[in-house]
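Notes to accompany the following structure.
The values are calculated or read from the model by the stated rules, or taken from the named source; none is laboratory data. Note that the coordinates shown come from a computational prediction; the quantities given were computed from them, not determined experimentally. Neighbour counts are summed over all protein chains in view; Cβ atoms, including those assigned to glycine, are modelled from backbone coordinates with ideal geometry.
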Amino acid sequence: MTAIPTGNVFISLFWGSGKYVTRGPSSTERSESGDMFISGQQFEIAHHWVQGGEVNIIGFELTPNAIHQFFGIPQHEMTGQVLSLEDIWGSKASILYQQVIEEPDPAKQLSLVEGFLCKRIIAKEWRESHSIAEANSLIKLSKGNISIKELATTLRISTRSLERKFIEAVGISPKAYCKIIKFNHAFKQLAIYQKDVLDVVHETGYYDQSHFINHFGKVVGMSPAQFLDEQEKLLICFKEDTEDGPMFSLTNALKDVQKLYVL
């Protein structure tokens, strides 16, 4: 499966007999047998697969400033990083991890992690920034097509104050966050809804085709044309590995494409 940058952050737990492997366009391959991780803001896609057995995975997608709120870490320190939660919280994280993997009921596994996070909220060891929460909403509502000046004006704060608060709480600048949200929307139009590149450029607010192709290459590691060719091959392999039978309709094809990505 391929994870596309979403602008959110993640907590992931995995365990089992196999290896959980990840790799990005400009990062080295990483293989783990089991752990609990938190990941900050990501700028590239990440490919995920399992080797040599089976792996159980529980993943929580959290709002952009959740690491800052739940764990008290300046979020810019987590940008582009994936760290073991044990390195940050020590025995608290390892105890939670053991409780989860020893619990056979999936619903109770989720409840254990949710309870862990809720205790952080009840403890009130973090401060919520209403201006950042509103900025996140405005950026997502505009699908990344809002200027920083317009954003600051709407929030009634200076652009410098917005930049400073955003980097502290989210880990990246509001401009960089807008780029992630814009790309995620554009990627859906191209990969999921199979729209023409020029239509995607027009609908998602890129300056021109070359601007979109350049940004696509930085995030995905290849051009849109190369990506679409790889996706077609991947879909064929995916269909051969399932019992769904041949793709008789566009609806079936779209369902299969959506199984391959985390958006």
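Please pick out the residue among Ser137, Ser131, Ser111, Ser91 that is in contact (Cβ under 8 Å) with a residue 12 or more places away in the chain and among the hydroxyl-bearing types (Ser, Thr, Tyr). I'd like the intermediate steps shown before the answer.
Numbers: Ser137 fails: in contact (Cβ under 8 Å) with a residue 12 or more places away in the chain; Ser111 fails: in contact (Cβ under 8 Å) with a residue 12 or more places away in the chain; Ser91 fails: in contact (Cβ under 8 Å) with a residue 12 or more places away in the chain.
Ser131 is the lone residue from the list that is in contact (Cβ under 8 Å) with a residue 12 or more places away in the chain and among the hydroxyl-bearing types (Ser, Thr, Tyr).
Among the residues in the stretch 2-11, are any hydrophobic (A, V, I, L, M, F, W, C), assigned to a loop (DSSP other than H, G, I, E, B) and modelled with pLDDT of 90 or more? Quick ask: steps written out before the conclusion?
Initially, the stretch 2-11 is screened for residues hydrophobic (A, V, I, L, M, F, W, C), giving 3-4, 9-11.
From what is left, the residues that are assigned to a loop (DSSP other than H, G, I, E, B) are 4.
Of the ones still in play, those that are also modelled with pLDDT of 90 or more are 4.
Within the stretch 2-11, one or more residues are hydrophobic (A, V, I, L, M, F, W, C), assigned to a loop (DSSP other than H, G, I, E, B) and modelled with pLDDT of 90 or more.
Specify which of the listed residues (Ile101, Ile73, Ile95, Ile45) is β-branched (Val, Ile, Thr), modelled with pLDDT under 90 and not assigned by TED's automatic domain parsing to the domain that holds Cys237. Before the answer, list the steps.
Values: Ile101 fails: modelled with pLDDT under 90; Ile95 fails: modelled with pLDDT under 90; Ile45 fails: modelled with pLDDT under 90.
Just one listed residue meets the conditions, Ile73.
Specify which of the listed residues (Ile146, Ile88, Ile139) is farther than 30 Å from Gly205 by Cα and either modelled with pLDDT under 85 or touching a Leu at 6+ places or on another chain (Cβ under 9 Å) (or both). Reasoning before the result, please.
On the way: Ile146 fails: farther than 30 Å from Gly205 by Cα; Ile139 fails: farther than 30 Å from Gly205 by Cα.
Just one listed residue meets the conditions, Ile88.
Give the residue that is modelled with the lowest pLDDT, with candidates limited to residues of the stretch 13-41 that are closer than 22 Å to Trp89 by Cβ, over 14 Å from the mean Cα position of the chain (by Cα) and of a type in the set (Gly, Ala, Ser).
If we take residues in the stretch 13-41 being closer than 22 Å to Trp89 by Cβ, over 14 Å from the mean Cα position of the chain (by Cα) and of a type in the set (Gly, Ala, Ser), then Ser33 is modelled with the lowest pLDDT.
Residues that are within 20 Å of His215 (Cβ to Cβ), in contact with a helix residue (DSSP H, G or I) (Cβ under 7 Å, 6 or more places away or on another chain) and among the aromatic types (Phe, Trp, Tyr): does the stretch 153-171 have at least one?
Applying the first criterion (within 20 Å of His215 (Cβ to Cβ)) to the stretch 153-171 yields 170-171.
After this cut, where a residue has to be in contact with a helix residue (DSSP H, G or I) (Cβ under 7 Å, 6 or more places away or on another chain) as well, the list is 170-171.
Then drop every residue that is not among the aromatic types (Phe, Trp, Tyr), which leaves none.
For the stretch 153-171, residues within 20 Å of His215 (Cβ to Cβ), in contact with a helix residue (DSSP H, G or I) (Cβ under 7 Å, 6 or more places away or on another chain) and among the aromatic types (Phe, Trp, Tyr): absent.
Does Leu190 satisfy the criteria of being of a type in the set (A, V, I, L, M) and over 21 Å from the mean Cα position of the chain (by Cα)?
So Leu190 does not fit the description; no.
Among the candidates Glu203, Glu163, which residue alone is in contact with a Lys or Arg (Cβ under 8 Å, 6 or more places away or on another chain), without any contact (Cβ under 8 Å) to a residue 24 or more places away in the chain and outside the structural domain of Gln42 (by TED's automatic domain parsing)? Walk me through it before giving the result.
Working: Glu163 fails: in contact with a Lys or Arg (Cβ under 8 Å, 6 or more places away or on another chain).
Being in contact with a Lys or Arg (Cβ under 8 Å, 6 or more places away or on another chain), without any contact (Cβ under 8 Å) to a residue 24 or more places away in the chain and outside the structural domain of Gln42 (by TED's automatic domain parsing) holds for just one of Glu203, Glu163, which is Glu203.
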